[in-house]
1. I'd like the residue in segment B:128-153 that is among the charged types (D, E, K, R) and over 23 Å from residue B:200 (Cβ atoms) and, out of all such residues, is farthest from the other protein chains (Cβ to nearest Cβ).
2. Output the number of residues of segment B:128-170 satisfying the condition of being closer than 22 Å to residue A:50 by Cβ and free of Cβ contacts under 8 Å to residues at least 60 places away in the same chain.
3. Return yes when residue B:98 is buried (at least 18 other Cβ atoms within 10 Å of the Cβ) and in the same structural domain as residue B:206 (by TED's automatic domain parsing) and no when it is not.
4. Filter segment A:181-217 down to the residues that are over 21 Å from residue A:123 (Cβ atoms) and of a type in the set (D, E, K, R) and list them by number.
5. Where residues in segment B:81-109 are part of a helix (DSSP H, G or I) and among the aliphatic types (A, V, I, L, M), which of them is farthest from the other protein chains (Cβ to nearest Cβ)?
6. Looking only at segment A:185-225, which residues are small (Gly, Ala, Ser) and out of contact with any helix residue (DSSP H, G or I) (no Cβ under 7 Å at 6 or more places or on another chain)?
7. Only one of B:180, B:175, B:204, B:148 is assigned to a helix (DSSP H, G or I) and either closer than 28 Å to residue B:95 by Cα or assigned by TED's automatic domain parsing to the domain that holds residue B:134 (or both). Can you tell me which?
8. Taking segment B:1-50 only, how many residues are hydroxyl-bearing (Ser, Thr, Tyr) and at pLDDT below 95?
There are 2 protein chains.
Amino acid sequence: MAKSDVKLLGGWPSPFVMRARIALNIKSVPYEFLEEKFGSKSELLLKSNPVYKKIPVLIHDDKPVCESLIIVEYVDDVWSSGPSILPSDPYDRAIARFWATYIDDKFFPSVRGIAAAQGEEAKKAQIEQVNEGIALLEDAFVKTSKGKPFFGGDQVGYLDIAFGCYLGWLRVTEKFNGVKLIDESITPNLAKWAVAFCADGAVKDVMPETDKLSEFAKVVFSKMAGQAPPK
Amino acid sequence: MAKSDVKLLGGWPSPFVMRARIALNIKSVPYEFLEEKFGSKSELLLKSNPVYKKIPVLIHDDKPVCESLIIVEYVDDVWSSGPSILPSDPYDRAIARFWATYIDDKFFPSVRGIAAAQGEEAKKAQIEQVNEGIALLEDAFVKTSKGKPFFGGDQVGYLDIAFGCYLGWLRVTEKFNGVKLIDESITPNLAKWAVAFCADGAVKDVMPETDKLSEFAKVVFSKMAGQAPPK
């Protein structure tokens, strides 16, 4: 493939930006990382994503691609000679897409709900809901990984990226609330997976340290006066 | 491809079920349509979609696939020798997925908001929001159809299915509120597209008549006491 111009508009704390970065890393695609400042939007961002005005935006040969999971599929399609990100079997692909959608539509909103919950009872109920989601994902892991280290088998794939990008924020949530959400004693497979995911060559340099992310979260939470972290 | 067993759990008024049916029609896949009754859920549905307990579910050789857009992609992947549903170019595919996501996440919720709006002012504001969405989609049509009759070019494709499945409910909304949402004088391209879409061989037998859908909507709305139609 001819050398192409790849830029990514993003920010280090965003789980959605991390998805795009991991996909590009898996394919060994060099890219320019254009960091947006929290709280402001560059002209390039406004021009490239006029509908949502949100990061990440991948700009490939001057053409913008928006929405993190769409970017991941695009990277997999364009740099098809690299390791595959989506499963090759249509049914496995449908299952990976199903759980990725579940994670964005149901699971992570419930994690954000912990920070937004008012009072101990509401917080406890919210944590219970998150735990139910994690139990579903533990079960999905057992079924889709088929004894291998990742949802995608031997390598980090689509569903690993979709879920794994939230691990930093899950750890921050654990730290702020004195709970364990992914725990060896309850979800041993996900606990092992999380370690393998964070140590992966495509992931480790873009996964934020929990302490750094916690400091960022404190600033965000105080600005938003008790609201959940920004999507 | 060997003859396979295809069942679809659905209901005639559901735009999401219509997506799966159109995809199967495009590929000329025979299937058994198992109609769920409004307000109750069959054992097969609960077993096949335990996470959401929602239609549509495609059951292909005893394996369930859930979520309408995921079903459409699955049908395109499995019956790959039929006419293509997703665009073949990766960038066009990303753009089609972007607008399909926009339609589900932003556009149709704003249409549902018209029924839920309390008072004339709120309703007017909501209609205004829908019109802004339609203007964006008119623009997207011009860019992606490139002078051809469908978003997908010469044939009904992914984005046609994603948007077109809502036409019945848009017409019901127009009828109940005395407004025109897709109008020749304002969005001439979408108006022409809507006619072509509804007349297409893969669509016409599964697109509900506006009068029949209106009667159904009245029952739903009265049951839900002023809530938006069910997703």
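The values are calculated or read from the model by the stated rules, or taken from the named source; none is laboratory data. Since this is a predicted model, take the numbers as computed values, not measurements. Ideal geometry is used to build each Cβ from the backbone, glycine not excepted, and the neighbour counts take in all protein chains shown.
1. Initially, segment B:128-153 is screened for residues among the charged types (D, E, K, R), giving B:128, B:132, B:138-139, B:143, B:146, B:148.
Filter once more, keeping what is over 23 Å from residue B:200 (Cβ atoms): B:128, B:132.
Values: B:128: 17, B:132: 11 Å.
For segment B:128-153, the residue satisfying everything is B:128.
2. Within segment B:128-170, residues that are closer than 22 Å to residue A:50 by Cβ and free of Cβ contacts under 8 Å to residues at least 60 places away in the same chain number 20.
3. On the way: buried (at least 18 other Cβ atoms within 10 Å of the Cβ): yes; in the same structural domain as residue B:206 (by TED's automatic domain parsing): yes.
Considered against the rule, which asks whether it is buried (at least 18 other Cβ atoms within 10 Å of the Cβ) and in the same structural domain as residue B:206 (by TED's automatic domain parsing), residue B:98 comes out as yes.
4. So in segment A:181-217, the residues over 21 Å from residue A:123 (Cβ atoms) come out as A:184-185, A:188-209, A:211-212, A:215-216.
Within segment A:181-217, A:184, A:192, A:200, A:204, A:205, A:209, A:211, A:212, A:215 qualify.
5. To start, the set of residues in segment B:81-109 that are part of a helix (DSSP H, G or I) comprises B:90-109.
Subsequent filtering for residues that are among the aliphatic types (A, V, I, L, M) retains B:94-96, B:100, B:103.
Working: B:94: 4, B:95: 8, B:96: 10, B:100: 10, B:103: 11 Å.
Per the criteria, the residue is B:103.
6. A:185, A:191, A:196, A:199, A:201, A:222, A:225
7. Numbers: B:180 fails: assigned to a helix (DSSP H, G or I); B:204 fails: assigned to a helix (DSSP H, G or I); B:148 fails: assigned to a helix (DSSP H, G or I).
When all the criteria are applied, what remains is B:175.
8. Step one: of segment B:1-50, the residues hydroxyl-bearing (Ser, Thr, Tyr) are B:4, B:14, B:28, B:31, B:40, B:42, B:48.
Subsequent filtering for residues that are at pLDDT below 95 retains B:4, B:40.
Residues meeting the conditions: 2.
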